[in-house]
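Written below as structure tokens is the structure these notes are about.
The values are calculated or read from the model by the stated rules, or taken from the named source; none is laboratory data. Quick caveat: nothing in here was measured; it's all calculated off a predicted structure. Using ideal geometry, Cβ is built from the backbone for each residue, glycine included, and neighbour counts are taken over all protein chains shown. Side chains included, ligands, DNA and RNA excluded: accessible areas come from the protein's heavy atoms. Shrake-Rupley method; radii C 1.70, N 1.55, O 1.52, S 1.80 Å.
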Amino acid sequence: MLRYIYRHDLHLFPKLRRSMHLDRADQFHTRLGWEVQVDETGEEHDQYDQLDPLYVIWEKPDGSHGGSMRFLPTTGPVMVNDFFLDLNNGVPLQSPLIWESTRFCLSRDASGNVAGALTLAGIEIMRNFGIQHFAGVFDRRMVRIYRSLGFSPEVVGRRGEGRDQICLGLWEFSPEVYERVAERAGIAPHTSQAWFDHSFGAISNAAVMPAAHIAAE
Amino acid sequence: MISRLMELNQYIMEKIQDLDQILDLLAATRTLPSLQQIVEKLTEYLQVDHAVYHWVDSLGDHYHFGTYPSDWVERYQSEEYVRIDPVVTGCYQSFHPVDWRRLDWSPRKVRLFLRDALAHGIGNQGYSIPIRGPSGQFAVFTISHNCDDSDWDALISNYNRELLLLAHFFNRKALEFEPGRLDTQEISLSPREIDALTLLGQGQSRAQVAQALSISEHTLRVYIESARYKLGAANTTHAIARATSYGLIVI
């Protein structure tokens, strides 16, 4: 299932937290060879993990990490402005309507639809919270993958050549994209909404009761 | 002198018709009482019962302005409702907007609190936007209203983006009043943002501007979005007007 967890609540899911940071080390250090910090316990962390981001995590049936990504609003410190400003012609992206997505990660044995599920989670955030765009930096090989997931970014800036090229992309919300991504991911929209509600609380008619009802209690 | 200004403010306020003007007043304001008036005007614009901005600064001091009745504010403090108010728990340390219906109102203490809030006319619906500011500053901007679910859903889906922007604009203004922060942060636009707003201000279409700057229309939209946020503007036209009046662009 999908879970949406702020850093300050991640300690409630110790197995998920541990396996996510191990999988991030495996993906970004071991497989992609990025210059990331791996600590003595084998976990990958960076300074943005210290800023209490919101993680979206695919939890496998055994309670461990199947894939994840991380969100922070661009009104605070974000990678696109701190490290990749040249990709947007020196214009910092800054708006409460734009969140940055980083550390898109899949565990080695993740099943086929985990990437799709994470993409759907991103759109669930957009449609429930009124977020208009996500921004993110990725290497060029991801372009094809995003297309297959049904949610392609607009590439607004590039650095480098060929295999080493990195791109700044912007994903824009539309209601149509929700249906398409859900279909590609093989997840019913009501299931996705139920996972979202499990983390953020469901909109229930009885939640905030009308005055008359309470007065009669 | 001050009362003359207040009168002038009053006069201007009465003429407010749309969000642009509310935001213009917000940008121009230098006094806390005028923030109170602006938030009152905002409730008229949104047609909701209440709007409240609550701020905890980097020293842990609280401050708020808004339309909650004063007897409710006093009661909230004397009963120490901050300890059981699920909106506080739901917003603390978060950065996503919180629809009150998503919170847990089931514990008995919370139900009693809710009954009291309803009796004071706070409303059965609410939408709260938490904001993380610099150096541990934290704020929540809330609107609340009495209506059924479908009306509330319609209101939120109409205004959720404006509300996010408004919350941050109020917060930026409040930060100007923080002790030790006398210098108002100057707005600076990047060269590309200046080019984009200038060309748009000259009446060129988005497609023409994108072509002139050799960027996609999508990229242009993002430049405009970030300029709009920096300028505290409601929309593109408003952002151009703002940039012009600040002398940031020349048309």
Practice task
Sticking with the crude label model, points 7 Å out along Cα→Cβ, report the distance from residue B:187 to residue B:106 in nm, one decimal please.
Solution key: 4.7 nm
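What is the average number of partner chain Cβ atoms found within 10 Å of a Cβ in A:96-103? Mind dumping the intermediate values first?
Working: counts 14, 9, 4, 2, 0, 0, 0, 0.
Neighbouring Cβ atoms belonging to other protein chains average 4 per residue here.
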Handout entry: Size of charge dipole - the stretch A:1-142 - debye, nearest 20, with Cβ of Lys, Arg +1 and Asp, Glu -1, no other charges
Key = 460 debye
Exercise for the section: Please name whichever of B:34, B:126, B:199 sits farthest to the positive end of the charge dipole of chain B, dipole taken about the Cα centre and charges placed at Cβ: Lys and Arg +1, Asp and Glu -1. Expected result: B:199
Practice task
Starting from the Cα of residue A:145, step 7 Å along the direction of its Cβ; do the same at residue B:18; then give the gap between the two resulting points in nm.
Solution key: 4.4 nm
Problem - Shape metrics for the protein assembly as shown, restricted to C-alpha atoms - Rg then Dmax, Å - result: 23.1, 72
Completion exercise
In the stretch A:57-92, the chymotrypsin sites (Phe, Trp or Tyr not before Pro) that sit in a DSSP loop and have at most 12 other Cβ atoms within 10 Å of their own Cβ are A:83
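Taking the Cα centre of the protein assembly as shown as the origin, how large is its charge dipole in debye, to the nearest 20, when only Lys and Arg (+1) and Asp and Glu (-1) carry charge on their Cβ atoms?
Dipole size: approximately 800 debye.
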Fill in the blank from the handout: Interface call, the stretch B:207-234: threshold 30 Å², probe 1.4 Å, accessible heavy-atom surface of protein chains, chain by itself vs complex, result B:218, B:219, B:221, B:222, B:223, B:225, B:226, B:229, B:230
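Within the accessible area of the stretch A:2-190, what % is carbon and sulfur when the probe is 1.4 Å and the other protein chains stay in place? Before the final figure, lay out the partial values.
Numbers: 4000 of 8040 Å².
Using a 1.4 Å probe with all protein chains present, the stretch A:2-190 comes out at 50 percent carbon and sulfur.
Between residue A:163 and residue A:50, what length in nm is gained on full extension when 0.36 nm per residue of separation is reduced by their alpha carbon distance? Let's see the in-between values first.
On the way: separation 113, 0.36 × 113 = 40.68 nm, distance 3.07 nm.
Gain on extension, residue A:163 to residue A:50, equals 37.6 nm.
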Exercise for the section: Under 11 Å from a label point 7 Å along Cα→Cβ of residue A:83: give me every residue in the stretch A:134-151 with its amide N that close. Expected result: A:137-138
Completion exercise
Expressed as a percent, the portion of alpha-carbon pairs in chain A spaced more than 31 Å apart is 20 percent
Exercise for the section: Keeping the other protein chains in place, figure out the carbon and sulfur percent of the accessible area of chain B, with a 1.4 Å probe. Expected result: 51 percent
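Only helical DSSP H runs with n ≥ 4 go in: add -39500 (n - 2.57) per run for the protein assembly as shown, normalise by residue count and round the 222 nm mean residue ellipticity to 500 deg cm²/dmol.
Per the formula, -13000 deg cm²/dmol.
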Problem - Folded to 0 to 90 degrees: helix A:189-200 orientation relative to chain A principal axis, Cα - result: 90 degrees
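Are there GluC sites (Glu not before Pro) in the stretch B:68-138 that DSSP puts in a loop and that have at most 12 other Cβ atoms within 10 Å, and which ones?
Working: sites: B:74, B:79, B:80; in loops: B:79, B:80.
Answer in residue order: B:80.
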Handout entry: For a label point 7 Å along the Cα-to-beta-carbon line of residue A:12, residues of the stretch B:95-134 with backbone N under 12 Å
Key = B:104
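Using 0.36 nm times the number of residues separating residue B:150 and residue B:78, minus their current alpha carbon distance, what extension gain do you get?
22.5 nm
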Problem - Whole-angstrom gap from the stretch B:96-134 to the stretch A:12-58, using each part's C-alpha centre - result: 35 Å
Exercise for the section: Per residue of the stretch A:88-104, in order, report the coupling 6.51 cos²θ - 1.76 cosθ + 1.60 (Karplus, θ = phi - 60°) as ³J(HN,Hα) in whole Hz, putting x for Gly and Pro. Expected result: 10, 6, x, 8, x, 7, 8, 6, x, 8, 10, 10, 8, 10, 9, 6, 5
Problem - residue B:244 versus residue B:214: modelled label distance in nm, points set 7 Å from Cα along the beta carbon direction - result: 2.9 nm
Practice task
Over both sides of the A-B contact, add up the buried accessible area with a 1.4 Å probe and give it to the nearest 100 Å².
Solution key: 3900 Å²
Completion exercise
Correct response: the longest run of chain A lacking exposed trypsin sites (Lys or Arg not before Pro), defined by DSSP loop and at most 16 other Cβ within 10 Å, is A:1-107
Problem - Residues of the stretch B:2-176: accessible area per residue with a 1.4 Å probe, Å² - result: 47 Å²
Problem - Residue-averaged beta-carbon neighbours from other chains (10 angstrom radius) around A:49-55 - result: 1
Handout entry: Cβ-based charge dipole, chain B, positive-most Cα from B:226, B:106, B:244
Key = B:226
